[in-house]
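To keep things clear, I will list the structure first and then write my remarks on it.
The values are calculated or read from the model by the stated rules, or taken from the named source; none is laboratory data. Being a predicted model, the structure only gives us computed values, none of them experimental. Cβ: placed from backbone, ideal geometry, glycine included. Neighbour counts: every protein chain shown.
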Amino acid sequence: MTRNAKWTMLGIMMATLGFAAGAQAADTLTEQVVTRAADLKTIEGPAATFTGKVTVTGLYGTYGDMKSSGGSATFQPGARSFWHYHPVGQVLIVTDGVGYTQEWGKPRVEIRAGDIVRCPAGVKHWHGASENSAMTHISICEEKDPGVVVVWQEAVTDEQYAGR
Ligand code: MN
């Protein structure tokens, strides 16, 4: 599989939160690369890993010794990810709106534009919009095994989402 084909597949499969859908497909860089906003790719969050309407935009991928990749996800009101965890962890930077994040076994926590969430490695959680507001966050993850930044689990039920 070529590197570009691998990126395309990852972009479709990981579509998150995990975001390997980086616009930079080169293994190494020798000079700064500016990826233009108009060239970023946005896809619908697949129903296998998201509830409701979610769009995911790949921002950048790994290169050289840089093991992080980044993406942006916008959740429409009520939309959320499935439960999942990240083998290396995740940083969420909320850039717009109001949403929730919740760890398994703990209450959901409201998050707002400007808030930053750091998720430990291996901790089961979900994140998404609030009932009445969309929410956008940037997600930064690192790989442990190549291309694996998220491990998906079951859907967040309406009861779980509502905090009941
Ligand atoms: Mn996550």
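So the values come out like this:
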| read-out | value |
| --- | --- |
| Residue satisfying all of: in region 83-92; in a strand (DSSP E or B) and under 29 Å from T28 (Cα atoms); farthest from the ligand (Cβ to nearest atom) among these | V91 |
| Sole exception among (1) under 18 Å from W152 (Cα atoms); (2) more than 13 Å from the ligand (Cβ to nearest atom); (3) assigned to a strand (DSSP E or B) for G71, by number | (2) |
| Residue in region 93-104 that is more than 10 Å from the ligand (Cβ to nearest atom), more than 18 Å from P77 (Cα to Cα) and in a loop (DSSP other than H, G, I, E, B) present | yes |
| Close pairs (9 angstrom Cβ cut-off, 6 or more residues apart or separate chains): more than 17 Å from G99 (Cβ to Cβ) in region 146-164, loosely packed, with under 11 Cβ neighbours inside 10 Å and modelled with pLDDT of 95 or more anywhere | W152/A48; R164/D158 |
| Lone qualifier among R112, R108 - being among the basic types (K, R) and crowded, with 17+ Cβ neighbours inside 10 Å | R108 |
| Qualifying position, being at pLDDT 95 or above and away from the ligand (no atom under 11 Å from the Cβ), among R80, R112 | R112 |
| Residue among D96, D27 that alone is surrounded by fewer than 16 Cβ atoms within 10 Å (Cβ to Cβ), within 17 Å of I138 (Cβ to Cβ) and either modelled with pLDDT under 95 or not aliphatic (A, V, I, L, M) (or both) | D96 |
| Pairs with Cβ under 9 Å, 6+ apart, first in region 82-98 and without any contact (Cβ under 8 Å) to a residue 24 or more places away in the chain, second more than 11 Å from the ligand (Cβ to nearest atom) and among the hydroxyl-bearing types (S, T, Y) | none |
| Total residues in region 118-164, condition surrounded by fewer than 17 Cβ atoms within 10 Å (Cβ to Cβ) and within 12 Å of the ligand (Cβ to nearest atom) | 8 |
| Selection status of G122, farther than 19 Å from G78 by Cβ and over 16 Å from the mean Cα position of the chain (by Cα) | no |
| Test: residue in region 43-66 that is touching a strand residue (DSSP E or B) at 6+ places or on another chain (Cβ under 8 Å), within 30 Å of E31 (Cβ to Cβ), surrounded by fewer than 17 Cβ atoms within 10 Å (Cβ to Cβ) and touching a residue at least 40 places away in the same chain (Cβ under 8 Å) | no |
